[in-house]
Amino acid sequence: MIHVEAKDEPPDFDERVRQPGLQALERGDNPLPDYWRRCLDDLYDLYDGICAYACVFIPPVTGGRTVEHFAPKKKHRDHAYEWSNYRLVCSVMNSRKRDFEDVLDPFEIPDGWFHLQLTTMKVLPNPNLSPDIKAKVEDTINRLKLNNKDCIEARSTYYDEYITDNNPLPFRLLKKWSPFVAMELERQSLRRDGD
């Protein structure tokens, strides 16, 4: 996981999402209407299609992009229609995060808390973190299953395409499609010369 810079809400967000949502809250609607889906395209465009938790590009054709409520809407109904509570995530990560509140916020973490072991493609906590922060990083890795087979394969696919000698993936595309892998290659001084 990497730091994600929070983007300003779209100009029409209040009219399209917040105001209808506040009316639903006043009425006591249950379940809450999914007005947040009205801003999914904006969220996708502003965050360049990158899943905030898996740190890989979500191809639009998969239909796997979702609005994730960082503060769960079941527990924090008053945040259900707030742009600042939304994270662009793939549907798999959304289903893993669910209503749990033990996942670190990509808007709040600094880069460098999560490291990538390139030999195994496993995500690990930075060994220099304090014990309490390290435990929170480990909890996030475990909750989101960032080291399961599918996550490892996703990271490996981009990494393998970058390190191949036969028509390698340019670094600019690696950074666009798998920014965590790209950042770790730079941190570990493994970016190809001249790329």
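The values are calculated or read from the model by the stated rules, or taken from the named source; none is laboratory data. Being a predicted model, the structure only gives us computed values, none of them experimental. A quick note on method: Cβ atoms are made from the backbone with ideal geometry, for glycine too, and the neighbour counts reach across all protein chains shown. Only protein heavy atoms, including side chains, enter the accessible area calculation; ligands, DNA and RNA are left aside. Shrake-Rupley method; radii C 1.70, N 1.55, O 1.52, S 1.80 Å.
Residues checked against (1) under 15 Å from the mean Cα position of the chain (by Cα); (2) β-branched (V, I, T); (3) within 27 Å of R172 (Cα to Cα):
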site: R27; (1), (2), (3): no, no, no
site: R37; (1), (2), (3): no, no, no
site: F57; (1), (2), (3): yes, no, yes
site: G63; (1), (2), (3): no, no, yes
site: V89; (1), (2), (3): yes, yes, yes
site: D111; (1), (2), (3): yes, no, yes
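Could you please tell me which pairs satisfy a Cβ distance under 6 Å, a separation of 6+ or placement on different chains, a first residue in the stretch 31-48 that is modelled with pLDDT of 95 or more, and a second residue that is part of a loop (DSSP other than H, G, I, E, B)?
L32/A80; D42/P10; L46/K7
Would you please name the residue that is farthest from V181 (Cα to Cα), looking only at residues in the stretch 31-90 that are open to solvent by 40 Å² or more (accessible area, probe 1.4 Å) and of a type in the set (S, T, N, Q)?
Among those that are open to solvent by 40 Å² or more (accessible area, probe 1.4 Å) and of a type in the set (S, T, N, Q), it is S84.
Tell me the residue from R27, R18 that is touching an Asp or Glu at 6+ places or on another chain (Cβ under 8 Å) and basic (K, R), please.
R18 is the lone residue from the list that is touching an Asp or Glu at 6+ places or on another chain (Cβ under 8 Å) and basic (K, R).
For the list (1) part of a loop (DSSP other than H, G, I, E, B); (2) under 12 Å from the mean Cα position of the chain (by Cα), I need the number of the one condition that V67 fails.
(1)
Any residue at all in the stretch 21-29 that is in contact with a helix residue (DSSP H, G or I) (Cβ under 8 Å, 6 or more places away or on another chain) and either of a type in the set (S, T, N, Q) or surrounded by fewer than 16 Cβ atoms within 10 Å (Cβ to Cβ) (or both)?
Checking the stretch 21-29: at least one residue is in contact with a helix residue (DSSP H, G or I) (Cβ under 8 Å, 6 or more places away or on another chain) and either of a type in the set (S, T, N, Q) or surrounded by fewer than 16 Cβ atoms within 10 Å (Cβ to Cβ) (or both).
Have a look at E153, E186, E161 and point out the one that is under 22 Å from F57 (Cβ atoms), charged (D, E, K, R) and touching a Leu at 6+ places or on another chain (Cβ under 6 Å).
Exactly one of E153, E186, E161 is under 22 Å from F57 (Cβ atoms), charged (D, E, K, R) and touching a Leu at 6+ places or on another chain (Cβ under 6 Å), namely E161.
Looking at the stretch 11-19, can you tell me whether even one residue there is within 26 Å of K136 (Cβ to Cβ) and at pLDDT 95 or above?
No, there is no match, as no residue in the stretch 11-19 is within 26 Å of K136 (Cβ to Cβ) and at pLDDT 95 or above.
Condition first: open to solvent by 40 Å² or more (accessible area, probe 1.4 Å), among the hydroxyl-bearing types (S, T, Y) and over 28 Å from L104 (Cα atoms). Now tell me which residues in the stretch 145-178 satisfy that.
Result: T164, single match.
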